[in-house]
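S.K.: Would you mind keeping the following structure in view while I ask a few things?
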C-alpha cells in the first residue's frame, strides 16, 4: 500500500526557527502519529530551503559564505525538532547533492518539453518576496523593497496550464483547503496568468542551483524549493520508492505561501505529467494581540522558552487544540495556562492520580478483575471516529472528542464512587476501577500522537504496554507503576 505522505514547507534559513515553524511541524508530526495509530504507514518530510537572495544577504551580513551560513543555521532547526519530539521520515536540505541533481534533471526535462524559454523582461521586483510582481500587486502597497528591473531570464510556461488548473480546483473539493483558500486561488486565476520567471542571472544572484543549459544563470528559489517534495522520494531515480509515496496526501502550509503551492507547484507537476498532491492545506497564523508573529514586529515567541518552563507535551497540546485548522489563533500566556490547568492538570492529571491511587490503596497496586459486560464507558468509545476527523483535518475537534471521553471517565467515577463502594462491595468497586483504568489507557493512547512523552508516563503508571485501541488491553493481575504527578497545576 502507498504510504500516507505528509509534508511541511521547507523553512527558510535566513533566521532562527519560531513558533510558526514549530506549529506546522508539530501538526505534521501529530497527523503522522495519528495515522500510524490507526495502522497506516506514513512518510513525513520536512527540511530547509537554503538558496536565494535573502540567504546570500544574511550570510554577507554575518561575514560568512552562504553554505557556511546554512550549515550554521540548520542545527537550530534540528535541535528544535528533537526537543519537540518530531519523528520525521526525512529531513531535506536544498543544498544537498541529491536535491540539486534532481532539480537540474527536472529543469532539463521541462526545457526539453518546450515549457521553458528565454526572454527579456522589464517589471517590478520585490526584493523581500524575491519575485516579480504585477502592477496590481504594486498598487496594493503590500510589497516592500520594490524596484524596477530589466533583464534577460528564463521563463516557465505557467500560463499554458491555467485552464487545466482552474478545472482541477473547481472539480476537486479536497485539492485546496479550506474553501476560503480555494476561492482565493480561483480569484487569482480569473486574471491572465503570467509565465513564471525561473532564473536569476549570476551577476545579480550567485547563491542558487545552476541552470543546466545555461551556466550564467541560477534557478529561482521557488522553482528549486518546491521540487523537494519529489526529490526526497527520489523522483526519476527510484520508481518503486517514488510510487510508494507520491502523490503527497497533504502539503501543510501557512496561508502566506498559498499561491506558490497552489499555482506554481501544480503547473510544474503538470509539465512533468505527474499526479498532483491530493490536498494542499493552508492553516492560519499564530497571532499576539491579533497581529501576525513576525521578527519586524518583535513579537515572536520562542517555543524553546515555553518548553523549558512548561514541558514539551503541554506546548504540543496547546498548539494542537487551540487552533481551528484554517483559521488564525491568538497566543497568550493566560490562554495557555487556562487550557493547561483545565484540560491537563484537572481533567487528565487528576484522573490518573485518582484511579492509580485507589488501585494502589485498595488492591495492593494490582489491576482488579474485570467483567466482559458492556458499560457506559466502553459504549462511548464508538463516538470517537479518529479517521473521519483526520480526513477532514479537524485536529482540534479530534482532541476535543478525546478529552470529552476523559471527562466522561471522571463523571463515571463520581457517579459510582469506588472509594465508598470498596467498603461495601470490593468486587464491584474493582470492576468500576478496571473500567476507569482501561478507559484511561485507551484515551491516553488516543492522546499519544499529541503528547507522546506524557502519554507514556501515564501508560507506565497503569502498568500497560498494550498499544491496542480495542477494549480489554489492560490485564487484570498486572501491577501498576509508580505514581507521580503527571501535570502539576500551574499557579500564576
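S.K.: Taking the stated definitions as given, is residue 104 surrounded by fewer than 21 Cβ atoms within 10 Å (Cβ to Cβ), within 23 Å of residue 245 (Cβ to Cβ) and either out of contact with any strand residue (DSSP E or B) (no Cβ under 6 Å at 6 or more places or on another chain) or modelled with pLDDT under 95 (or both)?
M.R.: Here the answer is yes, as residue 104 does meet what is asked.
S.K.: Okay, moving on. Return a yes/no flag: does the range 157-173 have any residue that is within 25 Å of residue 13 (Cα to Cα) and buried (at least 21 other Cβ atoms within 10 Å of the Cβ).
M.R.: For the range 157-173, residues within 25 Å of residue 13 (Cα to Cα) and buried (at least 21 other Cβ atoms within 10 Å of the Cβ): absent.
S.K.: Yes or no: residue 307 within 19 Å of residue 24 (Cβ to Cβ), in a helix (DSSP H, G or I) and either in contact (Cβ under 8 Å) with a residue 24 or more places away in the chain or touching a strand residue (DSSP E or B) at 6+ places or on another chain (Cβ under 7 Å) (or both)?
M.R.: yes
S.K.: Regarding residue 143, is this residue closer than 30 Å to residue 57 by Cβ, modelled with pLDDT under 95, in a helix (DSSP H, G or I) and in contact with a helix residue (DSSP H, G or I) (Cβ under 7 Å, 6 or more places away or on another chain)?
M.R.: For residue 143, the condition - closer than 30 Å to residue 57 by Cβ, modelled with pLDDT under 95, in a helix (DSSP H, G or I) and in contact with a helix residue (DSSP H, G or I) (Cβ under 7 Å, 6 or more places away or on another chain) - is not met.
S.K.: Quick one: would you say residue 274 is part of a loop (DSSP other than H, G, I, E, B) and modelled with pLDDT under 95?
M.R.: Here the answer is no, as residue 274 does not meet what is asked.
S.K.: Please state which of the following conditions residue 154 fails to meet, knowing it meets all the rest: (1) touching a strand residue (DSSP E or B) at 6+ places or on another chain (Cβ under 6 Å); (2) buried (at least 19 other Cβ atoms within 10 Å of the Cβ); (3) part of a helix (DSSP H, G or I).
M.R.: Against the list (1) touching a strand residue (DSSP E or B) at 6+ places or on another chain (Cβ under 6 Å); (2) buried (at least 19 other Cβ atoms within 10 Å of the Cβ); (3) part of a helix (DSSP H, G or I), residue 154 comes up short only on (3).
S.K.: Given the range 401-492, what helices (runs of 4 or more DSSP H) lie entirely inside it while holding 2 or more residues that are touching a residue at least 12 places away in the same chain (Cβ under 8 Å) and crowded, with 23+ Cβ neighbours inside 10 Å?
M.R.: By residue number, 426-447, 452-461.
S.K.: Kindly indicate the residue of the range 119-139 that is touching a strand residue (DSSP E or B) at 6+ places or on another chain (Cβ under 9 Å) and over 27 Å from residue 216 (Cβ atoms) and also modelled with the highest pLDDT among those meeting that condition.
M.R.: Applying the filter and picking the extreme gives 138.
S.K.: So which of 15, 115, 49, 71 ends up being more than 14 Å from the chain's Cα centre (by Cα) and without any contact (Cβ under 8 Å) to a residue 60 or more places away in the chain?
M.R.: Only one candidate qualifies: 71.
S.K.: All but one of (1) over 30 Å from residue 280 (Cα atoms); (2) under 38 Å from the mean Cα position of the chain (by Cα); (3) modelled with pLDDT of 95 or more hold for residue 377; which doesn't?
M.R.: In the conditions (1) over 30 Å from residue 280 (Cα atoms); (2) under 38 Å from the mean Cα position of the chain (by Cα); (3) modelled with pLDDT of 95 or more, residue 377 misses (3) alone.
The values are calculated or read from the model by the stated rules, or taken from the named source; none is laboratory data. Note that this is a predicted model, so its numbers are computed, not measured. Glycine gets a Cβ as well: all are built from the backbone with ideal geometry, and neighbour counts include every protein chain shown.
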